[in-house]
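The values are calculated or read from the model by the stated rules, or taken from the named source; none is laboratory data. All of these numbers come straight from a predicted model, not from anything done at the bench. We place every Cβ from the backbone using ideal geometry, glycine too, and count neighbours over all the protein chains shown.
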Amino acid sequence: MPYLPRIGGRQSLDPAVAEGLLAGRGCCPEAPAGPQALAHVLDVASSPREEELAGEAAAVAAFLLVTSPVARWRADGNEPGCAAAGAQPRVSDQEPGDQVPKARAIGEGKGGPEDPPGRAPEGPPWPQGRPLTSRRGADFRCPPPLKSASRLPQARHWRYSVGLGPVMSCPDGQA
Amino acid sequence: VLEREFRDVLRAAARGDEAAFARLWRDAHPPLLRYLRVVAGEGAEDVAAEVWLEVARRLARFRGGEQEFRGWLFTVARRRIADQRRHSRRHPVWLTGDDAELERPAADDTATEALDNLTTEAALALIATLPQQQAEVIVLRVIAGLDVRQVAQVTGKRPGAVRAAAHRGLRTLAARLSAPADHERGVTR
């Protein structure tokens, strides 16, 4: 009967011995050959090896990357460059002279030390006039989203369809 | 195992201390990698990297001791494996290439290293021949050092089912090791 040796081998492993093996205590020297060999296999399988620690530098670098202040700020749901887009006046509402932006130094503005890097400062965002967001004139409007089954994000769709590229932002937050 | 130091190390790592995170990683990465080799197979290294990224992101919100940390780590790993399997089912990859090129050994592959690797890999491969549930439970108990209750939490099974699966798997392994000649000849009973 071909299955009898297998049943015999299975029954040779005492539950107490099995629990000892699972707990990492090994088995006694008087145990049968099967449990002895099994204890050796489990010991080899659980012994740490030096080469398994080879990726430590990469892991620490990744840790520093995801725990940096910028990463934490983004993890809170913020996106750089879009913080005050909805609150800004439309280009057509501004005086013509205000449409020329004034250069600002990095870090200039009301942003305090608690502000993460890249965040737009609170209050009137552009005291010298908001920079132009469109070169198509003041009457430019974002086209309505297509009703096709395109899987592209809508914000990308209208930017690319009018040839403005990825750096444009919608002037009145329609995207 | 860090034991008493664990809480201090965890607190420091949660504050962004890289040395503390490195200690956590050195302690928990080898068992994690072995678990993934048995359960996830080829993509173990990639999944391990994703697991540690997620752990690094959420470390500041973790509360608990060392055993709870290990349980959390392997729970994250298990979810990642499920994600990976789902992804590979949707995007199957067919590898093509020259077999001779693929089987060429690395230049720095010495005979000693190969033998050493073979021993550990063979042990893991032997465990991996078990049914998935039994292999996973044995690895979590023996290699990861989790107790029955924690393994039950990680795998979402009852403690009794965990105990039964582990014992059944060990009995199967012991039987195979008792009759290695039959197993090598490919005799299945």
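Of all residues in segment A:56-69, count the ones that are within 7 Å of chain B (Cβ to nearest Cβ) and over 22 Å from B:ARG61 (Cβ atoms).
The number of residues fulfilling the criteria is 1.
Can B:PHE6 be described as more than 10 Å from every other protein chain (Cβ to nearest Cβ), of a type outside the set (Lys, Arg), assigned to a helix (DSSP H, G or I) and in contact with a Gly (Cβ under 7 Å, 6 or more places away or on another chain)?
So B:PHE6 passes the test.
Only one residue in B:ARG23, B:ARG37 is in contact with an Asp or Glu (Cβ under 9 Å, 6 or more places away or on another chain), more than 9 Å from chain A (Cβ to nearest Cβ) and surrounded by fewer than 22 Cβ atoms within 10 Å (Cβ to Cβ), so which one is that?
Result: B:ARG23 is the single residue among B:ARG23, B:ARG37 that is in contact with an Asp or Glu (Cβ under 9 Å, 6 or more places away or on another chain), more than 9 Å from chain A (Cβ to nearest Cβ) and surrounded by fewer than 22 Cβ atoms within 10 Å (Cβ to Cβ).
Do we find that B:ALA28 is more than 12 Å from the chain's Cα centre (by Cα) and small (Gly, Ala, Ser) in this structure?
In short, no.
Looking only at segment B:116-149, count every residue that is assigned to a loop (DSSP other than H, G, I, E, B) and more than 14 Å from B:PRO31 (Cα to Cα) and tell me the total.
Result for segment B:116-149: 4.
Taking segment B:16-55, which residues are outside any helix (DSSP H, G or I) and closer than 20 Å to B:HIS87 by Cβ?
Within segment B:16-55, B:ALA40 is the sole residue that qualifies.
Could you say whether any residue in segment B:165-188 is more than 10 Å from chain A (Cβ to nearest Cβ), part of a loop (DSSP other than H, G, I, E, B) and modelled with pLDDT of 70 or more?
No.
In segment B:141-159, what residues are within 16 Å of B:ILE127 (Cβ to Cβ) and either within 13 Å of chain A (Cβ to nearest Cβ) or among the small types (Gly, Ala, Ser) (or both)?
Passing the criteria: B:ARG141, B:VAL142, B:ILE143, B:ALA144, B:GLY145, B:LEU146, B:VAL151.
Evaluate the following for B:VAL51: is it over 24 Å from A:ASP43 (Cα atoms) and either at pLDDT 85 or above or of a type in the set (Gly, Ala, Ser) (or both)?
Spelling it out, B:VAL51 is indeed over 24 Å from A:ASP43 (Cα atoms) and either at pLDDT 85 or above or of a type in the set (Gly, Ala, Ser) (or both).
What are the pairs with Cβ atoms under 6 angstrom where one residue, in segment A:30-52, is farther than 18 Å from B:ALA144 by Cα and the other, located anywhere, is outside any helix (DSSP H, G or I)? Sequence gap at least six, or different chains.
Within 6 Å, the pairs are A:PRO32/A:SER12; A:GLY34/A:SER12; A:PRO35/A:LEU13; A:PRO35/A:CYS27.
Could you pull out the residue among B:PHE74, B:PHE62 that is surrounded by fewer than 21 Cβ atoms within 10 Å (Cβ to Cβ) and aromatic (Phe, Trp, Tyr)?
None of the other options fit; the residue is B:PHE62.
Applying the selection to segment A:20-55, what residues are at pLDDT 85 or above, at the interface with chain B (Cβ under 8 Å from one of its Cβ atoms) and under 14 Å from B:LEU173 (Cα atoms)?
Of everything in segment A:20-55, those that are at pLDDT 85 or above, at the interface with chain B (Cβ under 8 Å from one of its Cβ atoms) and under 14 Å from B:LEU173 (Cα atoms) turn out to be A:LEU21, A:LEU22, A:LEU38, A:VAL41, A:LEU42, A:ALA45.
Determine which single condition B:ALA12 fails, assuming it passes every other condition in (1) more than 9 Å from every other protein chain (Cβ to nearest Cβ); (2) of a type outside the set (Ser, Thr, Tyr); (3) in contact (Cβ under 8 Å) with a residue 24 or more places away in the chain.
Answer for B:ALA12: the failing condition is (3).
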